[in-house]
Amino acid sequence: MKGNLMNLVLKALLLCASAGALAGAAQAGPVAVAAGYHIRNVSPEEMRPEGSPEIQAVKAAHPDLGGMVYLYIRNDSATAVALEDLSWQGMGVRQHAAAPGYNAIWWRMLPDSLPPGGEGEIALCLRKSLDAPTEFTARFSDGTALRQTVSLDSPPFRIETLAFGEDLRTVYLYIEAASKDSPRPKEVWLDGKPLRRETRWLSRGYAGGVRAAVVRLARPLERGRLYTFRVASGKTVVGATMRAFSGLSRFGTYGYGEFERYAASGLNAYNSFSTVSKQGLDEARKQSVKVVMVVGTGAPPAETAGHPALFAYLAMDEPDVHDYSRDKGRPMNLRPGTLAMEMVNAAESCRKADPLTPTMTTLDLTFVPNNYFIYGPVADIANPDCYPISIGWPIQAIREKARTVKRAAAPRPFMLTYQGCWEEIGIPQDHWVGAPEIRREGWQKFAATSKLRGFGRAPVPPEIRMQMLYAIGCGARGLYSYTDATEAGGSLIFHSSADVPELWQAVGQTSRMLRQVASLIEIGHPVAWATASQPSLWASTLLAGEKAALVAVVNEDNQADRNGFKQNPARDARFAFPDLPWLQIAGVWRVDEGAFVPAPYGKEKGRIVWSEPALTDAALYLVSSDPALARRLSDRAQKEAPVATAKGKEKGPESYLKGRRRTEP
C-alpha cells in the first residue's frame, strides 16, 4: 500500500512537470528538467501537388506531419554529462528508429556534452505526432536517468524567431501565441539565469499574435557558441538552444565562383556544390563575398576551417531528394528523413571542427512539407529552393514554401533559393557539359525543344523581384539565385542568368535594394499587420526591433503561363499600418535601389496610411520612429563592401539565346 501511494505521488509530480516546470525550480537529482513539451507539426499553407503522383498519393493517405519533442535540462552535477539513450513506450530511441515504423527520425542533445551548471536541449523528431501523454526517460553518461511526462498538447506560445544583433550583445525574441487565449510570456532566461533587468518587452500583450522582447546583455555572446533561452509565463515554459550568429542577411547566387563579377553587381554571397580551396576563399574575401561550401558528412577541411570568407557548411545538397532512393526497401511514406541522422551528425562534426562557421541544409521540393519539418531544425540555417517557372506554378508558390519552412525551422533562421535561370528539358549527354561547350556548340545540340519543362520559358524580371520580396516578407534572412552557371547534364539544360542578361540585372538590382535594409531583415519577424486597399496586393510586415518595421508588398494581379507573364499594375494603392505600442512612426519610405524615397503619410483612426499611384510587381517600405534611420541606412549601404560598379549595374550583352526565349524585353 505504501509503495503504491509513493508511485501515485511520483506520477502526480511527473504530470505536473509535463505542463512545464517553474522557470527557476530544480528537480531533485543531478540533471533537472526545466521544460518539456511536444509540438505537433502543422503546415501554415496548403502545398501544391507533388510532381510525383506516387508521392502525392502517399501524402494524401498519411497526412500526419509528425511532431517534435523537446526537453530542456540543467546539469546540477559536478561533472559533464552526455545523452546515452532516450526511451519511451518500452523501447530506446535507436530501437524506435530501426522498428518497422521508423518513428524516431532523428534525435540529439545540444550541447552533446553538458557541462556542470549548464543548460541544454534534447530534441526528438517523430514521424507520427504523439497521440497520448508519454513518459520519456533520458539516460546519461554518468549512469543517472531522468523521467519526464510530455503532454499531448503543444505549448500555448513558442519562440518563433530568435535573432542576434550585429555585436551579439542584443537578442531579439519574438514569441508567437497559439491562440487568442494564450497566456502572456513574462520572463526570459539565458543558460539558467533570469534576464529581468536586461529584458524589455515591447508591448504589454500580444500585437499581431506576437509579443516581442529585446534583451541587452552586459557582455556580448560568443560567435558560434550554443546558448539556451527559455521564456516563461508561470508554469508554462518554452525554450530554444541555438548558436549565436550575426551577419546572416546576405544576397547572392549559385554559379562558377566568379567573385569579382558577383561583387561588381553588388552581391555578397555565393552558394556552391563542392568544397572551395583556400585560394578561392581568399579571393572571395577580397571581394567581400561569403561562401557556402559542401564538405560531406565528415569534418570540414582543416586548412580552410574558420576562414573569414566562409558563410556556412553544407553536408550534401538536398538530402530530401536522396531520401527517395536511399532505402527502397522502405515504404514510400517512411522514406522522408532516411538521411536525417547523418545530417545531424554532420552538423555536429562541423560545429566541433569550426565553431565560428554556421551549418546549412538545402532542401528540394521532395516530400514537402514533411521534408521541411524533418530537416528544417537540423542545421543552423535552412535553405529551401523553389523554381516555380520550371514547374509551371505561379510565383505565389514561393510564399507557400517560405511560410512553411519558417514555421518548420523556427526559431532558427532560413535563407531561400529562388529561380534566376531558365531550365529546359535536355538531350542526354555522356558527360556534364559546361558553359563554354554550350556557347561554342549552340543550344540546339543540348535542348530537347519538343518537350516543355513547366512553362517552357525563361523567367522575366518582375518574377525575379516577386520571388525575392515574397521570401523576405515571409521572414527569409537572405537569398540565393539559382543559377549563374550555364550547364547541361542528365535530362536538363540550365541557361544561366549570365546568358539571360535581364535576369542578372534584376538579381543585382533587387539584391542591392535589399542590402540597404539587411540590418533590419537580420532581426525581423513576419506578422500580418500592415494592410493594402486592394485584395490583389499581398502585404507582410517584418517587425525589426524597437524602432522600425518593413512592409513587403507583392502585386498578385498577374498571369503567368507558357505564353509569358502579364502584370496589371495596382492603381492608387493605399496602405495602412495600425499603431504598434512601441513604434511611434516618424517616417515612411519606399526602399528603391540606391535610395529611400519618402512616402507622404497621414494619420487615420489609430493607423498610419500612405499611397502609391501605381504599383507594378513588388515594393518594399520602411516605417520607423526614427526620422534619421533611412539616411543612416543609406550612408552605410554606400560604404559597405562590396560596392557595385557602374559596369556591374548595366544589363549585359545578349547571348546565344537571343530570339528564342519569348520573354525578351
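The values are calculated or read from the model by the stated rules, or taken from the named source; none is laboratory data. Bear in mind that the values here come from a model prediction, so they are computed numbers and not experimental data. All Cβ positions, even for glycine, are placed from backbone atoms using ideal geometry, and neighbour counts span all protein chains on display. Side chains are part of the model used for accessible areas, which takes the heavy atoms of the whole protein and leaves out ligands, DNA and RNA. Shrake-Rupley method; radii C 1.70, N 1.55, O 1.52, S 1.80 Å.
Quick look at the values:
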quantity: Helix-derived mean residue ellipticity, 222 nm - over the chain, DSSP H n ≥ 4, -39500 (n - 2.57), to 500; calculated: -6500 deg cm²/dmol
quantity: Extended-chain gain in nm, criterion 0.36 nm per residue less alpha-carbon gap, residue 546 and residue 95; calculated: 157.6 nm
quantity: Label-point separation in nm, residue 632 to residue 427, each point 7 Å along Cα→Cβ; calculated: 6.0
quantity: Derived scalar couplings ³J(HN,Hα) [the range 363-368; Karplus, 6.51 cos²θ - 1.76 cosθ + 1.60; whole Hz; x for Gly, Pro]; calculated: 10, 8, 9, 8, 6, 5
quantity: Rounded if a/c under 1.5, otherwise prolate or oblate - the range 545-630, Cα gyration tensor axes; calculated: prolate
quantity: Heavy atoms of residue 597 accessible to a 1.4 Å probe, total area in Å² rounded to 10; calculated: 50
quantity: Option label - Kirkwood radius over Cα pairs in Å computed here, alternatives (1) 26.8; (2) 25.9; (3) 34.8; calculated: (2)
quantity: Per-residue SASA entry for residue 525, accessible area with 1.4 Å probe, Å² rounded to 10; calculated: 0
quantity: Accessible heavy-atom area order of 536, 450, highest first, probe of 1.4 Å; calculated: 450, 536
quantity: Length gained when the stretch residue 62-residue 113 is fully extended (0.36 nm per residue, less Cα-Cα span); calculated: 14.7 nm
quantity: Long pairs among 286/649; 603/647; 59/186; 401/639, criterion Cα-Cα beyond 31 Å; calculated: 603/647; 59/186; 401/639
quantity: Integer Hz, Karplus 6.51/-1.76/1.60 couplings in order for the range 595-608, x for Gly and Pro; calculated: 7, 10, 8, x, 10, x, 9, x, 10, 9, 6, x, 8, 8
quantity: Cut-off 13 Å between beta-carbons: net charge of the residues surrounding residue 177, Lys and Arg +1, Asp and Glu -1; calculated: +1
quantity: FRET efficiency for residue 611 and residue 216, using Cβ-Cβ distance with R0 set to 41 Å, rounded to 0.05; calculated: 0.65
quantity: Where labels lie 7 Å past Cα in the beta-carbon direction, separation of residue 657 and residue 328 in nm; calculated: 3.5
quantity: Residue 297-residue 181 pseudo-label distance in nm [points 7 Å out on the Cα-to-Cβ vector]; calculated: 4.6
quantity: Three-way shape call for the range 198-298 based on the alpha-carbon gyration tensor, with the a/c threshold at 1.5; calculated: prolate
quantity: Cut-off under 5 Å, modelled amide H: who pairs with residue 221 long-range; calculated: 169
quantity: Whole-Hz couplings from phi, Karplus 6.51/-1.76/1.60, listed for the range 106-122; x for Gly and Pro; calculated: 8, 7, 5, 10, 10, x, 5, 10, 8, x, x, x, x, 10, x, 10, 9
quantity: Per residue accessible area in Å² of the range 158-251, where ligands, DNA and RNA are left out and the probe is 1.4 Å; calculated: 41
quantity: Whether the range 224-363 is rounded, prolate or oblate, judged on the alpha carbon gyration tensor where a/c under 1.5 counts as rounded; calculated: oblate
quantity: Nonlocal amide H pairs with residue 592, under 5 Å, H built at 1.01 Å; calculated: 597
quantity: Residue 380 - accessible surface, heavy atoms, 1.4 Å probe, Å² rounded to 10; calculated: 20
quantity: Fraction of accessible area attributable to carbon and sulfur, the chain (%, probe 1.4 Å); calculated: 52
quantity: Computed lengthening from residue 235 to residue 132, 0.36 nm per intervening residue step minus Cα-Cα distance; calculated: 35.0 nm
